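S.K.: A single structure is presented below for examination.
The values are calculated or read from the model by the stated rules, or taken from the named source; none is laboratory data. On a predicted model such as this, the values are computed, not experimentally measured, just so you know. Cβ coordinates were reconstructed from backbone atoms using ideal geometry, including for glycine residues, and neighbour counts include every protein chain displayed. Only protein heavy atoms, including side chains, enter the accessible area calculation; ligands, DNA and RNA are left aside. Shrake-Rupley method; radii C 1.70, N 1.55, O 1.52, S 1.80 Å.
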Amino acid sequence: QVQLVESGGGLRQPGDSVKLSCEASGLRVANYHMAWFRQTRGKEPEFVALINRSSYASYSDSVPRGRFTISRANMKNAVYLQIDKLEPQDTAVYYCAATTTAGPKARPDVYGYWGQGTQVIVSS
């Protein structure tokens, strides 16, 4: 049984940093394209970043370059998303997702496995 478990969210102040974790079981993250999406109420999940099986990282054009960093720790079977200089508009539920297909990375339906999400609230 595949499980993706996100953690690390919570209440942060503008300007803070947060590192979200996604721990996998039932699959090896090294063998999957791993992505982070975020979702706010009433909206579709928004693609944030992906790290592919070759460890190449790519980011959505909608996230500021340099504030988001995706990484992977194969030995821990985990994927991470570091967000620096948090802004109130970063407030969302952040989801980890996994796929073996090379489809359009921003499409949620490409990903067969999803975690339950971790909430990040950025507020002063």
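S.K.: With the other protein chains left in place, how much accessible area per residue, in square angstrom, belongs to segment 18-124 at a 1.4 angstrom probe? Display every interim value, and only then the final one.
M.R.: Details: 5500 Å² over 107 residues.
Roughly 51 Å² per residue, with all protein chains present.
S.K.: Compute for the chain: radius of gyration divided by Kirkwood radius, i.e. Rg/Rh, restricted to C-alpha atoms, rounded to two decimals.
M.R.: Computed over Cα atoms, the ratio is 0.94.
S.K.: Of Trp36, Ala92, Ser55, which is farthest on the positive side of the dipole of the chain, counting Cα position, with +1 on Lys and Arg Cβ, -1 on Asp and Glu Cβ, and the Cα centre as origin?
M.R.: Ser55
S.K.: Related question: Taking only C-alpha pairs under 8 Å that are 6+ residues apart, what is the relative contact order of the chain in percent?
M.R.: Numbers: 307 pairs, mean separation 44.7, N = 124.
Worked out over the chain, it gives 36 percent.
S.K.: Where Lys and Arg each count +1 and Asp and Glu each count -1, what net charge lies around Ala35 among other residues with Cβ under 14 Å from its Cβ? Before the final figure, lay out the partial values.
M.R.: Working: positive: Arg38, Arg53, Arg72, Lys105, Arg107; negative: Glu6, Glu46, Asp109.
Residues near Ala35 contribute +2 overall.
S.K.: What does the charge count around Val63 come to, taking other residues whose C-beta lies under 14 Å from its C-beta (Lys +1, Arg +1, Asp -1, Glu -1)?
M.R.: Numbers: positive: Arg38, Arg65, Arg67, Lys85, Lys105; negative: Glu46, Asp61, Asp84, Glu87, Asp90.
Here the count lands on 0.
S.K.: Taking the Cβ of Thr118 as the centre, find all other residues whose Cβ is under 13 Å away and add up their charges (Lys, Arg: +1; Asp, Glu: -1). Walk me through the numbers on the way to the answer.
M.R.: On the way: positive: Arg12, Lys19, Arg38; negative: Glu6, Glu23, Asp90.
After counting each charged neighbour, the total is 0.
S.K.: Further question on the same structure: Based on alpha-carbon centroids, what's the gap between segment 88-108 and segment 35-57 in Å, whole number please?
M.R.: One Cα centre to the other: 2 Å.
S.K.: For Asn77 and Gln13 in one chain, what is 0.36 nm times their gap in residues minus the Cα-Cα distance, to one decimal in nm?
M.R.: Values: separation 64, 0.36 × 64 = 23.04 nm, distance 2.94 nm.
Taking Asn77 through Gln13 to full extension adds about 20.1 nm, to one decimal.
S.K.: Additional query: Can you give the extra length, in nm with one decimal, that the chain gains between Lys85 and Ser124 once fully stretched, where that is 0.36 nm per residue apart less the Cα-Cα distance?
M.R.: On the way: separation 39, 0.36 × 39 = 14.04 nm, distance 1.31 nm.
Here the answer is 12.7 nm.
S.K.: Within straight cross-link reach of Lys76, meaning Cα distance under 17 Å, which lysines are found once same-chain residues fewer than 8 apart are removed?
M.R.: Lys19
S.K.: To the nearest 20 debye, what charge dipole does the chain have about its Cα centre, counting +1 at the Cβ of each Lys and Arg and -1 at the Cβ of each Asp and Glu? Each step should come with its number before you reach the end.
M.R.: Details: 14 positive and 10 negative charges, 48 e Å.
Computed charge dipole of the chain: roughly 240 debye.
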